[in-house]
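In what follows, a structure is listed as structure tokens, so that the remarks can point back to it.
Since every read-out is calculated from the coordinates, none of them should be taken as a lab result. Computed from a predicted structure; not experimentally measured. Virtual Cβ from ideal backbone geometry, glycine too; neighbours counted across all protein chains shown.
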Amino acid sequence: GESVGLHLPTLSVQEGDNSIINCAYSNSASDYFIWYKQESGKGPQFIIDIRSNMDKRQGQRVTVLLNKTVKHLSLQIAATQPGDSAVYFCAEIPFSGGYNKLIFGAGTRLAVHP
Amino acid sequence: NAGVMQNPRHLVRRRGQEARLRCSPMKGHSHVYWYRQLPEEGLKFMVYLQKENIIDESGMPKERFSAEFPKEGPSILRIQQVVRGDSAAYFCASSPSLGSGSHRQYFGAGTRLSVL
């Protein structure tokens, strides 16, 4: 579904702790899910993606988990650093014979404290 | 290896003027997407183009907005007779046409449009 114009939820963590950011998606037929990081004044930056036929994928310090039963996606960041402070968006790609759009979630602001 | 380039970064227009936003995709990418973002919100899809073709414009307002991606040159998002409600950040993304990773979209830094 479409994101709603609310103040972004904020997750505050201590430097060095692990962070978990959650996202609910709407379309059970979506083929890919992507996490983006957006720093203030910048465009979204690709972090990691996962295809709908997987339930877990790991990258460098990040892990994405996909639970299709409850249409839930999470991003885990290990040993969170001050540079991880940003707004994180999940996005889904409905497959309709070609990849043509991203549908973004509402976003979560991650604040990392020293 | 330049990423997606958008210009201008900031654009100020008065009500009724035209706004032209430009986007050059990453080298080797032939698919371009435009998104709009209001403060504290996620990006909203507007239009998807391939060279010389509009593939999906389902997110674009029917009036005053148009987009093109000519054979040569950048993609252009054009907003005619701007109104205050058009003030937003407009992001362009690009993706490769084929192969693994063709679903991944890479974003530019955006154009922030302010309508006075």
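Over all distinct Cα-Cα pairs of the protein assembly as shown, the Kirkwood formula returns a hydrodynamic radius of 18.2 Å.
Please compute the average number of Cβ atoms from other chains found within 10 Å of each residue's Cβ in peptide B:102-109. Display every interim value, and only then the final one.
Working: counts 2, 11, 7, 9, 4, 8, 3, 3.
Taking all residues of B:102-109 together, the mean is 6.
Shielding by partners for peptide B:81-87, expressed as the average number of C-beta atoms from other protein chains within 10 Å of each residue's C-beta, is 0.
As an exercise, use a Förster radius of 22 Å and the Cβ-Cβ distance of residue B:81 and residue B:56 to find the FRET efficiency, rounded to the nearest 0.05. Computed FRET efficiency for residue B:81 and residue B:56: 0.35.
Spread over its residues, the convex hull of the C-alpha atoms of chain A is 105 Å³ per residue. The lysine pair count for the protein assembly as shown, using Cα distances under 25 Å and pairs eight or more places apart or on different chains, is 28. Note on residue B:68 and residue A:42: the model spin-label points, each 7 Å out from Cα along the C-beta direction, lie 3.4 nm apart.
In square nanometres, what is one fourth of the surface area of the convex hull spanned by the alpha carbons of segment A:4-62?
On the way: hull surface 22.7 nm².
So the mean shadow area of the Cα hull is 5.7 nm².
What ranking do A:92, A:39, B:72 get, fewest neighbouring Cβ atoms within 10 angstrom at the top?
B:72, A:39, A:92
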